[in-house]
Amino acid sequence: MKTSAKTSSELAKILFEIGYFDEMTGVPFKPRAYQLASELVAALGNEIKDAWRKGGIKALKDMPGIGQSIAEKIDEFFRTGKVRAYQEMKKKFPVDIWSLSKIEGLGPKHISDLYKYLKVKTLADLKKALASHKVRTIPHWGEKSEEKLQRGLGLMERSSGRWLLGNVLPIADEIVSTLSKVKGVKRCVYAGSLRRKLETVGDIDLLATASDPEKVTDAFTKLTMVESIHEKGKTRSSVRLTIGIDADLRVVPDTVFGATLQYFTGDKRHNVLLRELALSKGYTLNEYGLFRLKSKDGEHKRGALIVCKTEEEIYKKLGMDTPPPELRVGGEEMDAAREHRLPNLIPYGSVRGDLQVQTNWTDGSSSIEEMALAAKKSGLSFMAVTDHTKALAFVGGLDDNGVARQGKEIDNLNKKLRGFTILKGTECDILRDGSLDLSDKALAKLDWVGVSIHSLFNLPRKQQTARIVKALSNPNVDCFFHPTCRRIGKREAIDFDMDEVLATAKKYRVAMEIDCYPDRSDLRDAHVKMAVKAGIKLVIDTDAHSPEHFRFISLGEAIARRGWATKSDILNTRTAKNLIGYLRKKR
DNA sequence: GCCGTTTTCGGCCCGACTGTTTTCAGTCG
């Protein structure tokens, strides 16, 4: 059976290809509409089908970027599994646009030419055409463009595309630190999806201001971690690092830092909306500043520079507050910033304790004491020990007796430790029927009860939802750990009705977890936003299995920020004492 | 094709770099 995640990705592909075909044939404006819709569908995943199930075409049209025509196509897709307009397009142009367009440097015009002159329809066709050196015979193509295409193809086959934020941040920090030491460099920061703290990033975007741009660019392209140089210009250069990710550097005068940082932070849609807003107010915006727009004989020309030194002054001039980078997606943050109702996002460094920690009682690497000391060292003042339960036999999960024995060790440690509190907890397995893997009596004795799913990921949606709802209804349960069970790049999210689960969490005052172990990032930003809107408390946990994992906390704070969460939405920003009081009262 | 604190019609972001060119098209971010 197909999962609905697959279904929504198929739909995203269809919308993408329709738009891409229009772009090839020179149809104006439609491509952008389809592209936006495709991105929206991909980002929503299961939820697009949920919305359609509940509200049909009308619910689809309520979404930003979806109007009558695209809503009808989505409706047709969910009803029949097909989109007629798409099939007709495919008859005219039977090309695997989706795959070919993923090749770096290969755009709509070239894909069109490849089919027109060489009948290239697939990646396999393209390989043949390259091998026989026919590509260079296409008008306006030459030896170099053929080589570039060959490189792009090889690259795509080798790399998976996106990288986990947690893995890339340390590398970006290292580059920033190195370039900052180059003589004449005034400022050097990372921008792009890194600054927006997206869960995965496609590349490393860097921005520097310097008196001598060439010096920085040289230092950048000569970094030991650079494998090859894509391009090197006066203000922009781009390289591939040995680990396989690309890094881009922009160098501008210090006086325009704010405008360039704004531009280079994105995201793309946010910038497009901002520039449209600028136009409507008689300005034009680019990476060098906000300029007055002069109109002469119907022609618009750039006039005097207004502001460019900081991001804040640009947004202010456009009548907005400055959205934190994590909120810049080209959506709701635009109106919120105009209406001065941006949320007061949870500041980095707010989390005081980690409420999901595994030890060597099960599959963690270290003792309870070692984990506690590491947590304390990384600035935390409490943690909950949450080892697995017996259903996870292969890690030696604990039963009622095991949990009780562990509790005694924790009591002893708490007498010994100063300025740090260990809560007795569990990561209790949710069994097939929604019952829990420890007895209610054992659970009731614990300070902190998290429940989670580690089996039967593919139950039918209805059954999976019922299973979770039953588990969360147990009065001993405090938190739902890594709710969707996804592993980025490894495992799809399990299928359940998020609205119903959130309603249950609300009813029984169960917190939802933001598990910030990098490949989990679960809940993800969009789900956090749903939970915050519903008034459900959240916790940020690292799911640490060894002492160095506590550094992931800031990744979880980033997810919370992307989900519009404030400090009061997150339970473990409280002190241990306050949290324990809250939990007692709740039960 | 979408959208509306100028608009239900008439708008729709902007610049750098590359390659193949004699002034620009294609791609990217």
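The numbers here are math on the coordinates, done by the rules we state, and not lab data. Every value quoted in this text rests on a predicted model; they were computed, and no experiment measured them. For neighbour counting, all protein chains shown are included, and Cβ atoms are generated from backbone atoms with ideal geometry for every residue, glycine included.
Neighbouring Cβ atoms within 10 Å as the yardstick, rank A:335, A:212, A:519 fewest first.
A:335, A:212, A:519
Does anyone have the angle between helix A:30-44 and the longest principal axis of chain A? Alpha-carbon axes, 0 to 90°, nearest 10?
Taking the Cα atoms of chain A, the angle to A:30-44 is about 10 degrees.
What is the extension gain from residue A:506 to residue A:458, computed as 0.36 nm multiplied by their sequence separation minus the C-alpha to C-alpha distance, in nm to one decimal? Walk me through the numbers on the way to the answer.
Numbers: separation 48, 0.36 × 48 = 17.28 nm, distance 2.52 nm.
Length gained between residue A:506 and residue A:458: 14.8 nm.
Using Cα pairs closer than 8 Å and at least 6 residues apart in sequence, work out the relative contact order for the range A:262-359, in percent.
Relative contact order here is 22 percent.
Given R₀ = 60 Å, what would the calculated FRET efficiency be for residue A:27 paired with residue A:370, taking r from the Cβ atoms and rounding to 0.05?
Values: r = 62 Å, r/R0 = 1.04.
So, using R0 = 60 Å, E works out to roughly 0.45.
How many Lys pairs in the range A:111-209 lie less than 30 angstrom apart by Cα atoms, where the lysines are 8 or more positions apart or on different chains?
Step by step, the pairs that qualify in the range A:111-209 add up to 22.
Among the trypsin sites (Lys or Arg not before Pro) in the range A:199-244, which ones are in a DSSP loop with at most 11 other Cβ atoms within 10 Å of the Cβ? Mind listing them? All intermediate terms of the calculation are to be shown ahead of the outcome.
Numbers: sites: A:215, A:222, A:232, A:234, A:236, A:240; in loops: A:222, A:234.
Counting only loop positions with at most 11 other Cβ atoms within 10 Å, the trypsin sites (Lys or Arg not before Pro) in the range A:199-244 are A:222, A:234.
Assuming R0 = 51 Å, what is the FRET efficiency of residue A:91 and residue A:229, from their Cβ-Cβ distance, to the nearest 0.05?
Numbers: r = 43 Å, r/R0 = 0.84.
Once the sixth-power term is evaluated, E becomes 0.75.
Quick one: if you stick a label point 7 Å off each Cα along the C-beta vector at residue A:586 and residue A:332, how many nm between them?
About 2.2 nm separates the two model spin labels.
Could you list A:230, A:482, A:270, A:140 so that the one with the fewest beta carbons within 10 Å of its beta carbon is first and the one with the most is last?
The order, fewest Cβ neighbours first, is A:140, A:230, A:270, A:482.
Which semi-axis lengths, in whole Å and largest first, follow from the square roots of five times the eigenvalues of the Cα gyration tensor of the range A:315-392? Display every interim value, and only then the final one.
Values: eigenvalues 352, 44, 15 Å².
Whole-Å semi-axes of the equivalent ellipsoid: 42, 15, 9.
Could you go through the range A:143-157 in sequence order and give the Karplus-derived ³J(HN,Hα) for each residue, using 6.51 cos²θ - 1.76 cosθ + 1.60 with θ = phi - 60°, rounded to whole Hz, and x for Gly and Pro?
Ordered by residue, 3J(HN,Hα) equals 4, 5, 5, 5, 4, 4, 5, 4, 4, x, 5, x, 4, 5, 5 Hz.
For helix A:268-280, what angle does its Cα long axis make with the longest principal axis of chain A, in degrees from 0 to 90 and rounded to 10?
60
Of A:169, A:152, A:213, which is farthest on the positive side of the dipole of the range A:151-267, counting Cα position, with +1 on Lys and Arg Cβ, -1 on Asp and Glu Cβ, and the Cα centre as origin?
Value: A:213.
Starting from the Cα of residue A:304, step 7 Å along the direction of its Cβ; do the same at residue A:487; then give the gap between the two resulting points in nm.
So the two model labels end up 6.1 nm from each other.
Send over the semi-axes of chain A's equivalent ellipsoid, whole angstrom and largest first, taken as the square roots of 5 times the C-alpha gyration tensor eigenvalues.
After diagonalising the Cα gyration tensor, the semi-axes are 44, 30, 25 Å.
Considering the options A:542, A:572, A:526, tell which one lies farthest towards the positive end of the dipole of the range A:508-587, charges being +1 on Lys and Arg and -1 on Asp and Glu at the Cβ, about the Cα centre.
So the residue we want is A:572.
Stretch residue A:445-residue A:577 to full length: gain in nm at 0.36 nm per residue minus the Cα-Cα span? Can you show the working numbers first?
Values: separation 132, 0.36 × 132 = 47.52 nm, distance 1.73 nm.
Going from the current span to full extension adds 45.8 nm.
Which ordering of A:38, A:366, A:455 is given by a fewest-first count of other beta-carbon atoms within 10 Å?
In increasing order of surrounding Cβ atoms, one gets A:455, A:366, A:38.
Can you give me the angle between helix A:165-180 and the longest principal axis of chain A, using Cα atoms only, in degrees from 0 to 90, rounded to the nearest 10?
Computed tilt is about 60 degrees.
Want the number for residue A:42 to residue A:293: 0.36 nm per residue separation, take away the alpha-carbon distance, what's left?
86.7 nm
From a point 7 Å beyond the Cα of residue A:157 in the direction of its Cβ, which residues of the range A:128-143 have a backbone N at a distance under 19 Å?
A:128-136
May I ask for the Kirkwood hydrodynamic radius of the range A:330-465, worked out over all distinct Cα pairs and given in angstroms to one decimal?
Radius from the Kirkwood sum: 17.1 Å.
Beyond 18 Å, what share of the Cα-Cα pairs of the range A:451-587 is found? Please give it as a whole percent.
53
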